[in-house]
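These notes are about the structure you will find just below.
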Amino acid sequence: QVQLVESGGGLVQPGGSLRLSCAASRNIFSIYTMGWYRQAPGKPRELVATITTGGSTNYADSVKGRFTISRDNAKNTVYLQMNSLKPEDTAVYYCNADRWDSRLWGQGTQVTVSS
């Protein structure tokens with residue numbers, strides 16, 4: 001069973017930056033679309049960004065131009081660079097691996113944007 005472990009969350013002021021990391025226990029990037037989702041209190045989990053096996057990326061409108069998803073195949077790690085953070089970005093961020101017959105989740109990492 002593949003494990004996904006997120007890190008990099010924390011408290012940041014509005015306008016600041018954070019980089020989240022998601023380490024997979026083995027290389028799955030050639031067979032899974034990788035993504036980041038987030039869930040704020042009282043709200044459903046929502047898509048933030050994805051990167052396909054071919055390297056194509058997709059972003060939620062709310063984060064376009066501010067967030068960047070990338071991956072390092074040699075390190076089995078996916079990143080989410082978050083810039084110009086806003087209070088409404090506060091949520092638990094989850095790493096996701098998705099394909100037609102399987103969906104995997106990490107445990108989540110808290111991001112809090114507050115002054």
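The values are calculated or read from the model by the stated rules, or taken from the named source; none is laboratory data. No experiment lies behind these values; they were computed from the predicted model shown. When we count neighbours, we look across all protein chains shown, and the Cβ atoms used for this are built from the backbone with ideal geometry, even at glycine. Ligands, DNA and RNA are stripped out before the accessible areas are found, and what is left, the full protein with its side chains, is counted by its heavy atoms. Shrake-Rupley method; radii C 1.70, N 1.55, O 1.52, S 1.80 Å.
State yes or no: is Leu47 of a type outside the set (D, E, K, R), surrounded by fewer than 17 Cβ atoms within 10 Å (Cβ to Cβ) and part of a strand (DSSP E or B)? Against the criterion (of a type outside the set (D, E, K, R), surrounded by fewer than 17 Cβ atoms within 10 Å (Cβ to Cβ) and part of a strand (DSSP E or B)), Leu47 qualifies. If the condition is being within 16 Å of Val5 (Cα to Cα), more than 10 Å from the chain's Cα centre (by Cα) and open to solvent by less than 60 Å² (accessible area, probe 1.4 Å), then the range 75-85 contributes Asn76, Thr77. Number of residues in the range 8-28 that are over 12 Å from Cys95 (Cβ atoms) and in contact with a helix residue (DSSP H, G or I) (Cβ under 8 Å, 6 or more places away or on another chain): the value is 2.
Restricted to the range 26-40, and to residues there that are open to solvent by 10 Å² or more (accessible area, probe 1.4 Å) and of a type in the set (Gly, Ala, Ser), the residue that is nearest to Gly106 (Cα to Cα) is Ala40.
Annotation: of all residues in the range 94-109 being under 14 Å from Leu80 (Cβ atoms) and of a type in the set (S, T, N, Q), the one that is least open to solvent (accessible area, probe 1.4 Å) is Asn96. Restricting the range 59-74 to residues that are open to solvent by less than 50 Å² (accessible area, probe 1.4 Å) and of a type in the set (D, E, K, R) leaves a set whose member that is modelled with the lowest pLDDT is Asp72. Evaluation of Asn58 against the conditions (1) within 18 Å of Arg19 (Cβ to Cβ); (2) assigned to a strand (DSSP E or B) shows that the sole unmet condition is (1). On the stretch given as the range 4-25, residues that are open to solvent by 30 Å² or more (accessible area, probe 1.4 Å), out of contact with any Gly (no Cβ under 8 Å at 6 or more places or on another chain) and not small (Gly, Ala, Ser) total 3.
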